[in-house]
Amino acid sequence: MKRQSRARAEAGAMRILGNHSLVIGLIDQLNLKRRRFHLVDVDHDAQPAARTWLYVNGIRMRRSDYVKGPDGLRVDKALPECLAG
């Protein structure tokens, strides 16, 4: 029987909020590159892209398709506007 490796790795924070002034200061002092983090799915021009997936009632649908026709998810009520894109 092959023993599974227990090795794990952590690549660091996905995003660091701007109000973490000590961390931001250290990043700047070390001349590390920072880039903007978007809380929504955006394209290369930073415009909303709606490419994320929704999975409801066993149906997987792109957010952009949901916006066009939410009936495909067979839900009684539409998703809240914040999820619709």
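For this structure, a couple of remarks:
- Computed lengthening from D45 to R8, 0.36 nm per intervening residue step minus Cα-Cα distance: 9.9 nm
- Most tightly packed first, judged by the mean number of other beta-carbon atoms within 10 Å of their residues, the peptides 61-69, 42-50, 6-14 read 61-69, 42-50, 6-14.
Only the coordinates and a few stated rules stand behind these numbers; no lab work does. This one's a predicted model, so the numbers in the text were calculated from it and none came from an experiment. Every residue, glycine among them, receives a Cβ derived from its backbone with ideal geometry; neighbour counts consider all protein chains shown.
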